[in-house]
Amino acid sequence: MMHRMMRKAKWRHKAKWLVAIVMMVLVAAPDFEAFAANEKFVTIGTGGVTGVYYPAGGAICRLVNRGRREHGIRCSVESTGGSVYNLNAIRSGDLDIAVAQSDWQYHAYNGTGPFFKRDEKGELVKDASGYPVPDPNKDLRSMFSLHSEPFTVIVRKDSGIKTFNDIKGKRVNIGNPGSGMHATMQVLMQLKNWTKDDFKMISELKASEQAQALCDNKIDVMIYEAGHPNGAVQEVTTTCDTHIIGIDEETIQAMLNMLPYYARAVIPANMYAGNPDDVKTFGVKATFVTSGKVDEEVVYQVVKAVFENFDNFKTLHPVFSSLEPVHLVKEGNSAPLHKGAERYFKEKGLLK
């Protein structure tokens, strides 16, 4: 009898605690529902998973999500086809924020390069004089820039390629359509008056596929445009006999004269196996972009998450180690700053 009474007492005690817990949940539920209802979602478009864009976007999302309870913004990262794809997705509203090379940011804002107007069949729309009609995205907005991205050409050692001009007649991967490296290679081909017929083979493999293709002797040349050190370049230079070739001075100068948003760049000696000398080339900057239609407070909080944790952010990838906040505000941003970014930079004295 005493044993049964003790058990009943214990169950009554447990029941009281269960009732208390249920009451706490019910009391808290309205607050949780209100938080969930007001929560905002933002997606960052990046690039291939082997490049720098994807981990950069992931790092920024982690910083944003740490403050989710305060600002109510949840961030997610998405692997994409690269700069041109991202800029088109920003315009269509399929992405909120994205990474893009500074040159293609410029073209998207001004409606040049791959951003000319096209008809329903995908053909260029031309004016009465036969010139392509620009299709600018004047809603495009800059947030901040990141690292420099040298144009990088990696060749098989048994290909006989010694200079950039030697790639003519070879099997060349120019990158997947929609990527910045694909678009840059098209500019270079126009400069050189090269067409696809001038090559033994032109392939358009994704960034994550081309290193294996080079080592398997399916291509002679892979093109990359990314910050260094880079995982994909590290992979290919240690897996098989390859080396990085520079761009000749005449071509570099022609690119700078034609497209002033390019700058000289150097891939340091001994950064990669089999490359004992500095490699001279040109490059652009990686930038974060959005649309003027994206909420000002969202952009403000994303920028704040990066710059308030800048020392931490610099440790997340080797290419970030030399970044300085002032350069991220003033360099590489071809489109106007978003109001949210501008507000934060003015508050911190990074912009007048």
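Observations on the structure shown:
- Failed item in (1) within 21 Å of the chain's Cα centre (by Cα); (2) modelled with pLDDT of 95 or more; (3) not polar (S, T, N, Q), with PRO114 passing the rest: (2)
- Whichever residue in the stretch 80-90 is at pLDDT below 95 and part of a helix (DSSP H, G or I) and, among such residues, is surrounded by the fewest Cβ atoms within 10 Å (Cβ to Cβ): ASN88
- Some residue of the stretch 164-185 being assigned to a helix (DSSP H, G or I) and acidic (Asp, Glu): yes
- Residues that are among the hydroxyl-bearing types (Ser, Thr, Tyr), buried (at least 21 other Cβ atoms within 10 Å of the Cβ) and either modelled with pLDDT of 95 or more or not assigned by TED's automatic domain parsing to the domain that holds GLN105 (or both) are absent from the stretch 160-178 altogether.
- Selection count where residues are in a helix (DSSP H, G or I) and surrounded by fewer than 24 Cβ atoms within 10 Å (Cβ to Cβ), scope the stretch 91-113: 6
- Within the stretch 249-261, the presence of at least one residue that is over 23 Å from SER79 (Cα atoms) and buried (at least 20 other Cβ atoms within 10 Å of the Cβ) is confirmed.
- Answer residue from the stretch 228-248, given it is farther than 20 Å from MET185 by Cβ and among the acidic types (Asp, Glu) and is surrounded by the most Cβ atoms within 10 Å (Cβ to Cβ) among those: GLU235
- The requirement of being buried (at least 24 other Cβ atoms within 10 Å of the Cβ), farther than 22 Å from THR237 by Cα and without any contact (Cβ under 8 Å) to a residue 60 or more places away in the chain is not satisfied by LEU124.
- The number of residues in the stretch 272-313 being surrounded by fewer than 17 Cβ atoms within 10 Å (Cβ to Cβ) and within 30 Å of HIS243 (Cα to Cα) comes to 6.
- Options VAL326, VAL302, VAL298: the member that is within 17 Å of the chain's Cα centre (by Cα) and either touching a residue at least 12 places away in the same chain (Cβ under 8 Å) or not assigned by TED's automatic domain parsing to the domain that holds TYR54 (or both): VAL302
- Comparison of HIS228, HIS243 shows that the only residue that is part of a loop (DSSP other than H, G, I, E, B) and not acidic (Asp, Glu) is HIS228.
- A residue that is more than 12 Å from the chain's Cα centre (by Cα) and not assigned by TED's automatic domain parsing to the domain that holds LEU256 can be found somewhere in the stretch 95-102.
- Residue within the stretch 234-252 that is more than 26 Å from ASP277 (Cα to Cα) and within 26 Å of the chain's Cα centre (by Cα) present: no
The values are calculated or read from the model by the stated rules, or taken from the named source; none is laboratory data. Values in this document were obtained by computation on a predicted structure and should not be read as measured data. FYI the Cβ positions are ideal-geometry reconstructions off the backbone, even for glycines, and counts take in every protein chain you see.
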